[in-house]
Amino acid sequence: MEKILKFGGTSCGSVDSIQSVLSVIESNWKSTKPFAVVFSAMSGVTNSLLEAGKLASKGEVPYSSLIETIENRHFEVLKHFIPLKGQSQVIAQIRTLVNELRDVLKGIALIKEISPKTSDLLVSFGERLSTSLITAILKEKGLPVLYVDARQFIKTDDAFGKSEVDFVQTNTLIQTFFNQHTQEICLITGFIGSNNQGETTTLGRGGSDYTASILGAALAVREIEIWTDVDGMMTADPRKVSNAFTIPSISYAEAMELTHFGAKVIYPPSLQPAFAKNIPIRVLNTFNLAFKGTVVSKEQKPNPYIITGISSIDSLALVNLQGSGMIGVAGVSAKLFTVLAREKISVILISQASSEHSICFAIEPHNAIRVKEILEAEFAPEIAMGDIEGIDIQSNLSVIAIVGEGMRKHTGVSGKLFSVLGKNGINIVATAQGSSELNISVVIEQKDLSKALNVIHETFFFSKLKTLHLFLVGTGLIGKTLLDQLAGQERFLAKYRGLKVKLVGIANSRQQLIRERGIDMKSALDLLSQHGKAQDLSGFTKQIKALNLPNSIFADCTADKQIYTHYLGLFKSNISVVTPNKVANSGPYPLYAELHQTALEKGVKFLYETNVGAGLPVINTLQGLIASGDRFEKIEGILSGTLSYIFNQFKPGRSFADVLREAKAKGYTEPDPREDLSGMDVARKILILSREIGLKLEFSDITIEKIIPPACEEAATVEDFFKELEKANDYFEKMVASAAEKGHVLRYIAVLENQKITIGLREIDAFHPFYQMDGADNVIAFTTKRYHDRPLVIKGPGAGAEVTASGVFADIVSLGSHLA
Ligand SMILES: NC(=O)C1=CN([C@@H]2O[C@H](COP(=O)(O)OP(=O)(O)OC[C@H]3O[C@@H](n4cnc5c(N)ncnc54)[C@H](O)[C@@H]3O)[C@@H](O)[C@H]2O)C=CC1
Ligand SMILES: N[C@@H](CC=O)C(=O)O
Ligand code: NA
């Protein structure tokens, strides 16, 4: 025999799927002879039969409608595939089986009892019906098929419900049977067998796979094909990890590990007979015939990844037994696990530190209360003596296991695993690694499961492309430019930085929109205005936290004065913040300190390079100097792009208000230009720099010399402000003319020296390093211990949409490298 094929319930479940089954069998008939095929019951039929049995045992009649449904499903397939003239014969065959089934149920209803033995007989009709039907269809197509009831050769003991196979008898019977049937394609009922009295038995979980495996082993076939409804075994559960992909080749041991943790595609214990004979098993998809599937075999083919797959158990409880009396005392774990075995409690994972001070193990959550009671009773003496502190149970946990033979050859796998979880703020409650190094398991909180699976998958399988989840607030000048830049650089980021920035949320002062599947950046503003809900920042940030996406970034591109109140909560939820908004960093010092401290503690980033000098590398340079141990003596600079522009452009004869209007139109000013002209914006920037070098200064420590007359300062609206400026043109003209007479220029300069900040308009001569300025240039000079005789000077455009957005962009990219 060349091959055994097995089709599961979904493959036999509908007209469409059966169409595929037929084509697989037909193409094998042309290419691979000889082969045999095992079938499960149509999907859902076994459960319906059990349900009907339960109803019948209570004497309830509705079971007959369940049977009618089962019958009709078979008829529907039959009528589709068998031409009218051949139908009556097959209908009669199906009816005979269904009548037999009805008799069994009638018997159950009469005695109002269903034994495991009757139950096995009852469910056997599922496989018998599906196999009979497909045999009839293929016969009609002219293939030499033979319906084979597996009860004639799969011999078992009497443990109804999950019988043990008698391999000596079974193997001989199989070999004899197939020696006599070399010309036909045998179509075999899965799942069922019989005992020595000829009574029907069933093989338990994974039963039809087991049938295929027993047959394959007995006949020493070249390969077993398990046809199911998914693309083989995948690197992770595709419902949780959308990037999961099929594993082409996997070892038996890996398959065991992966499926233990919930990957339901195959149930490896049922494939044991084939494993023992080194027969490869190919998992294929009836609904995707072109797909090559997964081969499970003794040795895995070379795998380009360090791990083979990730699996998880959604819900478990962790039991912790702890106490000083456990140290060095032999027998505590022996006693513990003996009790658990006696009570038939399955232990999913065990972890004990070498201090022996505590031992913890994971169980299914529904066992938690019982386990606590049992252990408290069992260890009552130790608890009374204080040797054991008590039995502590932690619920709402999940376990994730990374599995792969490749881990043995690699160092740093667990480091990588823990580091990616840490960077995403996922707390590891417990860990376990077997000494086979085939599996590393981590227990985490259930709420983090999906996030953890995705970041782990990304790290081990897609290290080439890391997804950053972006939530952008503010779609004005900077926010919109940032979106344009991100959209334009998408390809570059993917190719050269391994980054994908996925916009998941967007908001402005009117509306907000969150879409987990992503928002197209090019049409984001239209989508926001068409589909956005009314703006509510608390709701927005709450939703971001609830989504709990890996590598989440909150980009605040507003000038809002209150928005920073959300930062702390975001940091606490492990979400990084990137912002050009200066308000948070120039607010009250204790709040500033709390924000920075929290970000540090949570391992998230708070990036704000554009707070000073827009895209100029001011903050990063300063931080680099501080980190390397330099000491700051003086910071001096022109920090306002707007004021720089004004004093570069304004000449007697021009309107000062018009020059400001130009600066606004060029995107240099704050949304409210009074902030620039009042010196407020510069004060914020120099205060931020002072804090960066470690000074605990407040706004009140700054001396600001005003440049605009009080009437302008006091204007209630931006419009009034411009009106007042018009009136004050003389004042500005005089100021500039008086400097010009001396060959001087006016510069608005901020100085931080001796822990004091002063900001004011200065007349400077042509020898001053700040004399030569153009456009919206900023200049910042750092005098430090190292840059003592000649300061380190950073100069260039310090305001404007493009340069600012690109600074925010750079922060996002640097966050990407940090997370990678
Ligand atoms: N223009 C420049 O050269 C530079 C600007 N910045 C800073 O960039 C930030 C943004 O500036 P622009 O884009 O010019 O401002 P803008 O006024 O053009 O846009 C602000 C955006 O924020 C939104 N917004 C305001 N309050 C909000 C709230 N509570 N919730 C949600 N959305 C809200 C508005 O709807 C608007 O979409 C400011 O903090 C500014 O100081 C920083 C460096 C340079
Ligand atoms: N309005 C600001 C913009 C940068 O922070 C300026 O004029 O410098
Ligand atoms: Na900067």
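The values are calculated or read from the model by the stated rules, or taken from the named source; none is laboratory data. What you see is a predicted model; the values in this text were computed from it and never measured. In this analysis, Cβ positions are derived from the backbone assuming ideal geometry, glycine residues included, and neighbour counts consider all displayed protein chains. With ligands, DNA and RNA removed, areas are computed over all heavy atoms of the protein, side chains included. Shrake-Rupley method; radii C 1.70, N 1.55, O 1.52, S 1.80 Å.
Show me the ranking of peptides 577-588, 496-507 by mean Cβ neighbours inside 10 Å, starting with the highest. Kindly include the intermediate steps, with their values, before the conclusion.
Values: 577-588: 22.5, 496-507: 20.7.
Descending mean neighbour count gives 577-588, 496-507.
Would you mind checking the pairs 106/155; 495/664; 298/423 and listing those with alpha carbons more than 30 angstrom apart?
495/664; 298/423
What does the charge count around residue 805 come to, taking other residues whose C-beta lies under 13 Å from its C-beta (Lys +1, Arg +1, Asp -1, Glu -1)?
On the way: positive: 480; negative: 484, 609, 802, 811.
With Lys, Arg at +1 and Asp, Glu at -1, the net is -3.
What ³J(HN,Hα) values, in whole Hz, does the Karplus curve 6.51 cos²θ - 1.76 cosθ + 1.60 give for region 388-399 when θ = phi - 60°, with x put for Gly and Pro?
Calculated HN-Hα couplings, in order: 10, 6, x, 10, 9, 10, 10, 10, 6, 10, 10, 10 Hz.
Exceeding 31 Å between C-alpha atoms, which entries from my cross-link table qualify? They are 240/500; 54/85; 6/58. Could the numbers behind the result be given before it?
Working: 240/500 19 Å; 54/85 38 Å; 6/58 35 Å.
Long pairs (Cα-Cα over 31 Å): 54/85; 6/58.
About the Cα centre of region 1-70, how large is the charge dipole given +1 on each Lys and Arg Cβ and -1 on each Asp and Glu Cβ? Please answer in debye to the nearest 20.
280 debye
Could you please report the charge total around residue 86, scoring K, R as +1 and D, E as -1 over all other residues with beta-carbon less than 13 angstrom from its beta-carbon?
Details: positive: 79, 85, 139, 141; negative: 140.
Taking every Cβ under 13 Å from that of residue 86, the sum is +3.
Using the Cβ atoms and a cut-off under 15 Å, what net charge is assigned to the surroundings of residue 376, where Lys and Arg are +1 and Asp and Glu are -1?
With Lys, Arg at +1 and Asp, Glu at -1, the neighbours total -4.
Once a ≥ b ≥ c are taken as the square roots of the eigenvalues of the Cα gyration tensor of region 94-178, is the result rounded (a/c under 1.5), prolate (a/b larger than b/c) or oblate (a/b not larger than b/c)?
In terms of gyration-tensor shape, oblate.
From the residues 20, 253, 617, which one has its Cα farthest along the dipole of the chain in the positive direction, the dipole being from +1 and -1 charges on Cβ of Lys/Arg and Asp/Glu about the Cα centre?
Value computed over the given set: 20.
In terms of the Cα gyration tensor, with a ≥ b ≥ c the square roots of its eigenvalues, is region 618-798 rounded because a/c is under 1.5, prolate because a/b exceeds b/c, or oblate?
Since a/c reaches 1.5 and a/b is larger than b/c, the shape of region 618-798 is classed as prolate.
Over region 1-119, what is the mean sequence separation of C-alpha contacts under 8 Å (at least six apart), divided by residue count, expressed as relative contact order in percent?
27 percent
What does the accessible area of residue 338 come to, in Å² to the nearest 10, when a probe of 1.4 Å is used?
Number for this one is 90 Å².
Once every DSSP H run of n ≥ 4 in the chain is given -39500 (n - 2.57) and the sum is divided by its residues, what mean residue ellipticity at 222 nm do you get, rounded to the nearest 500 deg cm²/dmol?
Roughly -12500 deg cm²/dmol at 222 nm, from the helical runs in the chain.
Set the Förster distance to 41 Å, then compute FRET efficiency between residue 741 and residue 594 from the Cβ-Cβ distance, nearest 0.05.
So, using R0 = 41 Å, E works out to roughly 0.20.
On a full-extension model of 0.36 nm per residue, what is the gain between residue 445 and residue 2, subtracting their alpha-carbon distance, rounded to one decimal in nm?
Working: separation 443, 0.36 × 443 = 159.48 nm, distance 4.77 nm.
The span from residue 445 to residue 2 would gain 154.7 nm if fully extended.
Which of the peptides 717-725, 556-564 is most tightly packed, and how do the rest follow, judged by the mean count of other Cβ atoms within 10 Å per residue? Before the final figure, lay out the partial values.
On the way: 717-725: 16.3, 556-564: 19.1.
Packing proxy ranking, top to bottom: 556-564, 717-725.
For a Förster distance of 45 Å, can you work out the FRET efficiency between the beta-carbons of residue 50 and residue 380, rounded to the nearest 0.05?
0.60
Could I have the simple spin-label model distance between residue 409 and residue 658, label points 7 Å from Cα toward Cβ, reported in nm to one decimal?
For the pair residue 409/residue 658, the computed spacing is 7.5 nm.
For residue 30 and residue 298, calculate 0.36 nm times their separation in residues minus their Cα-Cα distance, and state this gained length in nm to one decimal.
Stretched fully, the residue 30-residue 298 segment lengthens by 93.6 nm.
For region 3-229, what is the charge dipole size about the Cα centre, in debye to the nearest 20, if Lys and Arg each add +1 at the Cβ and Asp and Glu each add -1 at the Cβ?
Magnitude of the dipole: close to 360 debye.
Grab the Cα-Cα distance for residue 96 and residue 341, subtract it from 0.36 nm times how many residues apart they are, and report the gain in nm with one decimal.
Using 0.36 nm per residue and subtracting the Cα-Cα distance, I get 83.5 nm.
Let a ≥ b ≥ c be the square roots of the eigenvalues of the Cα gyration tensor of region 3-229; is it rounded (a/c under 1.5), or, if not, prolate (a/b larger than b/c) or oblate?
Here region 3-229 falls in the oblate category.
Considering the options 130, 377, 749, tell which one lies farthest towards the positive end of the dipole of the chain, charges being +1 on Lys and Arg and -1 on Asp and Glu at the Cβ, about the Cα centre.
Looking along the dipole axis, the top candidate is 130.
Find which of 42, 29, 9 sits farthest along the positive direction of the dipole of region 1-57, computed with +1 on the beta-carbon of Lys and Arg, -1 on that of Asp and Glu, about the Cα centre.
29
For the chain, what is the charge dipole size about the Cα centre, in debye to the nearest 20, if Lys and Arg each add +1 at the Cβ and Asp and Glu each add -1 at the Cβ?
1620 debye
Over region 3-229, what is the relative contact order in whole percent, taking alpha-carbon pairs under 8 Å and six or more residues apart?
The value is 28 percent.
Take the alpha-carbon centre of region 287-350, take the same for region 533-591, and report the distance between them in whole Å.
Between the Cα centre of region 287-350 and that of region 533-591, the gap is 39 Å.
Give the percent of DSSP beta bridges with both residues in the chain that are antiparallel, rounded to the nearest 5.
Numbers: 72 of 120 bridges.
Of all bridge pairs located within the chain, approximately 60 percent are antiparallel.
For each pair in 582/685; 545/572; 561/634; 447/542; 561/795; 685/795, compute the distance between the two Cα atoms and list the pairs where it is over 18 Å.
Over 18 Å Cα-Cα: 561/634; 561/795.
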